[in-house]
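Note sheet for the following structure.
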């Protein structure tokens, strides 16, 4: 983040996102998130998970013990310790002058010190790092970890019994303020094991100066009038999910026969010369320079581009078939030394005033809708924190508050879709075997 006052956001030629540090948080976060499913990384997913000891293992669903770890009686016995170890992704929490205001505030309110680290650069390698400890029933060294629902490790952690069931009685703020997109999610019914950190969409970005009437459907990506100017993602999870939406199937409840039909649809799109290329994060550059006029896109990238007057023709479309909604989830690994403190910190972030400060930095989909009003009319500690942050960020909090990609409209919420959760290594292999050849040109 820039340590000096930001520029006038209306000044010609100045990109406010550079000054507020949007590029690094957003691009790094999404590059990292998709990297396991791109190119050689995608080819190696099966081998990688096999090396982690999950090949051929079927998972049947996490259960909460009535008397063991995570039960009500177990939670009652847990002491409130004076420290909590929080492992997150890089550039994913408020920073001002090198300090995390929300974490310092939590410590001042509770007396619990937060050891905040950023060791998660990719779901798969981090899972591989902590798996031996979990398998051996040894502590990982972390009390809170943040894992994504569109990547296999979260499902494995839940279904192998390697996450501590949450103390539902301590989720007071969550129960009161959590938004509908992250309450009772398909990947964790009842929020038994997870509480959302931040979320985003994979949807459609288009150039409104070229496409005057984009319609409301994923069909725009299959329209021959844009042949050679359409971008698709090189992540097989994202590509396959879009294909399922295109044939009218909900990805979260799809079957292998559905996957085959979606792959056929996507192969035909390629054969018809509609796709210019299958992109990683670089798709946004090709949208900006005009190589493509419509593409699969991440909501945060379009939000970032729209802050710059040079790229305000780039717009986001969440189609009626749905935009793929991904969520990074806080969870407590088995063996955590400070589970009570972890629960307190996780629920702390569901206070609207606290989440407003995090969101002003992050600008992802906020898990607490009421944080919008705190951004527009801050009071108390929140007002003080936002005032401290504004010189570094360079834009008023209302920019974040009024963004539908941060605080979704009812239409955005209605059109959000969840990813398929693999139940075995064989399913993951089947998915990749269908969609990777399309990306790789086989």
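If R0 is taken as 22 Å, the Cβ-Cβ distance between residue 260 and residue 225 corresponds to a FRET efficiency of 0.20. DSSP beta bridges confined to the chain are antiparallel in about 60 percent of cases.
Between region 309-346 and region 260-305, the C-alpha centres lie 23 angstrom from each other.
Most tightly packed first, judged by the mean number of other beta-carbon atoms within 10 Å of their residues, the peptides 155-167, 249-261 read 155-167, 249-261. Can you bin region 243-285 into rounded, prolate or oblate? Criterion: square roots of the alpha carbon gyration tensor eigenvalues sorted a ≥ b ≥ c, rounded for a/c under 1.5, prolate for a/b above b/c, oblate for the rest. Judged from the Cα gyration tensor, region 243-285 comes out oblate (a/c at least 1.5, b/c at or above a/b). From the largest down, the chain spans 64, 56, 33 angstrom on the principal axes of its Cα atoms.
Under the rule a/c < 1.5 gives rounded, and otherwise a/b versus b/c splits prolate from oblate, where does region 249-404 land using the Cα gyration tensor?
oblate
Here the convex hull built on the C-alpha positions of region 181-270 has a volume of 129 cubic angstrom per residue.
Overall shape: oblate for region 312-435, with the ratio a/c of the largest to smallest alpha carbon gyration tensor axis at 1.5 or above and b/c at least equal to a/b. Centre-to-centre separation between the Cα atoms of region 210-235 and those of region 362-401: 35 Å.
Tell me what the chain gives for mean residue ellipticity at 222 nm when only DSSP H runs of n ≥ 4 count, each as -39,500 (n - 2.57), the sum divided by the residue total, rounded to 500 deg cm²/dmol.
-11500 deg cm²/dmol
Peptides 138-147, 221-230, ordered by how many other C-beta atoms sit within 10 Å of their residues on average, highest first, read 138-147, 221-230. Packing, as the average of other Cβ atoms within 10 Å across residues, places the peptides 416-428, 92-104 in the order 416-428, 92-104, highest first.
Take the convex hull of the alpha carbons in region 84-169; its mean projected area over all directions comes to 6.7 nm².
Quick note: the coordinates plus some simple rules give every number you see, no bench work behind them. Given the structure is predicted, the values throughout are model-derived calculations rather than measurements. Ideal geometry is used to build each Cβ from the backbone, glycine not excepted, and the neighbour counts take in all protein chains shown.
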